[in-house]
Amino acid sequence: MDGHGTAADLEAWIDVHGGALLRFAYLLTADRDRAADAVQDALVAAYPRWERIVAAGDPGAYLRRSVVNAHTSRWRRSLRREQPVADVAGLAGRHVDDPADRIATEDALWLLCRALPGRQRAAVVLRYYEGRSDPEIAATLDYSVSTVRSQIHRALATLRTRLADDEEEVSSP
Amino acid sequence: MTDHDERIAEPLTGALRRHAGEAPAAEGLAERVLARTSIRRTRRGFAAVAAVVLAVVVLSLGAVLLAQDRGGDPVSEPVLPQGWRWESYRGVAVGVPSTWGYGVPGPAWCAALPDGERNTTRPGAVGRPAAVPAVGCPSEYPPLAEREQWLTFADSGDVGIREFDRGWVEETRELDGVFVTLFSADVDLRSTVLGTLRPGNEEIALGCGPMHPAAEGRTYRPEAGAPLAPEDVRSVSVCRYARSDAVPDGPPLLAARFASGDEALRLASAVLTAPEGAGPDDPANCAPEYDYGPELILLHLRAEDRSQEVVVRYAGCEGNGTDDGTIRRALTGDLMRALEPPPTNPGQLQVVVAQLLR
């Protein structure tokens, strides 16, 4: 494929899948600028190899992996500057049947998600937002299936514990 | 999945779906991406003109050779004093005099060295994070008569200037999470060296990009090309990377080296004539997350009219060997010896690989 063919092919892919990739990147980074940068960087880096990436069968997984790897490095580097955990005290025991409580709980979970380690967060987004199976997540993150299960389990345990801790803080004298 | 997991799954999905709506819009994304790729192509298109300019622009030898090889735009690169070279580590680069060696013992300076190693004091040396002997020396730095100027890269540290005896000063600066420390009694040299500190790129890093997909996981294979003969190879960039998920801080490029002439031929011969196959591996010796090891080396073999990547994996219990995208080969003693020169010498070898060096 010549350069024009590659450009047209990549453009067509972005038209169909670019939005989903941006949403994935945003849920991973919780930052619109970082998400846009990560997606653009991943696509620009993929351009020279696009034909081969497509031939491998799953460009979306390749690009998500690029976004995760770039974000994981950046996230770890700037860890000390991030303070992503807001006060979610008192939300664990609410009744999620109440729409207001449900939204409050979702907001709390969103804030807590932002504090998860990058790869755990990626696994959570792939499972609970994109609905991917364990083998699909494993292929995307270059993990074993057992590692995917372990990462998701740890992430959910962290979220539960954090909610419960804050509930305890509120009910303590 | 436990009952607890299921109870949190629904609100979690709701949270992610709701906040996904805050993501940037995709309008214009394709145009922005393709515009950036065309800028890249244009920069490469300057090759012929740039090669002429190179003759009068003073750059480090490696940068000159690379720009000629790769068609980079040398005018955009900073100029080092003549006789200096670039050293790169995890996305930053700094210039040092070419007479400086490699390997800094640091606080373990008094530890005994094997016979024949570093019997003379060098004008200076560059050090990267590595295991050091647990030796309690009488002072942080050697006595004056044994003292060398040292530049070290680290992933943590304290920015500032610390004074020692007889005018010797240790200064640390930080850029993009990398801490660069210079120990010297020469105020001008200290200022010049640390003044060159800047974000690294492929030209400065002797043909090694600060990031590379080979460092991102175990599935990467180079793009296959037509077979290269060792005698066709004119130069080799040797790029040592941390595997980004095993050693996670910052860009994974740990060190870069540029080989030409006989050294390039030796490297190319070792890597292109090794027996087809894989290994040596020792799969029972590692936890699964470390099975491919924490680092690898990427070779860029350059001939007159083309280049070829070769991945060399040596630090894990599985997946050891080389891969040029077409043929996988086993590691050999010749190859491991050809990879020994610093600063790109392997920082970790499995026992079964180290045995090749016997």
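The values are calculated or read from the model by the stated rules, or taken from the named source; none is laboratory data. Given the structure is predicted, the values throughout are model-derived calculations rather than measurements. Please note: Cβ atoms are built from the backbone with ideal geometry, for glycine as well, and neighbour counts cover all protein chains shown. Heads up: the accessible areas ignore ligands, DNA and RNA and are worked out on the full protein's heavy atoms, side chains in. Shrake-Rupley method; radii C 1.70, N 1.55, O 1.52, S 1.80 Å.
Per-residue Cβ counts within 10 Å, from other chains only, averaged over B:27-36: what number is that? Before the final figure, lay out each step's value.
Details: counts 2, 1, 11, 10, 2, 6, 13, 9, 2, 6.
For peptide B:27-36, the averaged partner shielding equals 6.
Residue by residue through the stretch B:255-272, which ³J(HN,Hα) values in whole Hz follow from phi under the Karplus form 6.51 cos²θ - 1.76 cosθ + 1.60 (θ = phi - 60°), with glycine and proline marked x?
6, 9, 9, 10, 10, 9, x, 4, 5, 5, 5, 5, 5, 5, 4, 5, 7, 8
Might you work out the accessible area of A:Val16 for me, using a 1.4 Å probe with all protein chains in place, and round it to the nearest 10 Å²?
110 Å²
Stokes-Einstein at 10 °C, 1.306 mPa s, Kirkwood radius from Cα pairs: D for the stretch A:9-56 in µm² s⁻¹?
Numbers: Rh = 11.1 Å.
Estimated via Stokes-Einstein, D reaches 143 µm²/s.
Rolling a 1.4 angstrom probe over the protein chains, ignoring ligands and nucleic acids, what is the accessible area of B:Phe258 in square angstrom, nearest 10?
Rounded to the nearest 10, the figure is 40 Å².
Can you give me the distance in nm between label points at A:Asp41 and B:Glu223, each placed 7 Å from the Cα along the Cα-to-Cβ direction?
About 2.1 nm separates the two model spin labels.
To the nearest 0.05, how large is the calculated FRET efficiency for B:Glu146 and B:Asp176 if R₀ is 41 Å and r is the Cβ-Cβ distance?
On the way: r = 33 Å, r/R0 = 0.81.
Calculated transfer efficiency: 0.80.
Principal axis lengths of the stretch B:175-290 from Cα atoms, whole Å, largest first?
53, 40, 24
Chains B and A: buried accessible surface, both sides, probe 1.4 Å, rounded to 100 Å²? If you can, show how the numbers build up before the last one.
Details: alone 18790 and 10180 Å², together 24510 Å².
Roughly 4500 Å² of accessible surface disappears when B and A pair.
Under 5 Å between amide H atoms, partner at least 5 residues away or on a different chain: which partners does B:Ala315 have, H built in plane at 1.01 Å?
Correct list: B:Glu295.
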